[in-house]
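Some notes on the structure that comes next.
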């Protein structure tokens with residue numbers, strides 16, 4: 001089965017549609033390079049929490065997410 005890569009904007013909408021739950025995404029870094037991230041949309045604070053090591057989350061506003069990750073590609077892992 002082929003992976004479906006989505007844009008950062010699409011990922012943010014998907015996170016907002018299932019708030020307050022952790023989701024694992026693969027971040028495409030180019031070529032054969034990828035990075036695993038865990039994301040949560042905190043509906044109470046209207047912020048995204050991101051981590052690459054499970055426990056150490058960083059808070060981002062939507063504009064910060066788009067500034068840092070805009071135009072990049074992600075895949076939602078099961």
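Taking Cα pairs under 8 Å and at least six residues apart, what relative contact order does region 6-76 come out at, in percent?
Once divided by the residue count of region 6-76, the mean separation gives 37 percent.
Quarter the surface of the alpha carbon convex hull of region 1-65 and you get the mean projected area, 5.0 square nanometres.
Per-residue extension of 0.36 nm, minus the Cα-Cα distance of residue 3 and residue 61, leaves a gain of 18.1 nm for this segment.
Above 16 Å lies some portion of the pair distances; for region 36-78, what is it as a whole percent of all C-alpha pairs? Walk me through the numbers on the way to the answer.
Details: 358 of 903 pairs.
Beyond 16 Å sits 40 percent of the P(r) for region 36-78.
Rule-based calculations on the coordinates, nothing more; no lab input. Small disclaimer: the values here were computed from a predicted structure and weren't measured.
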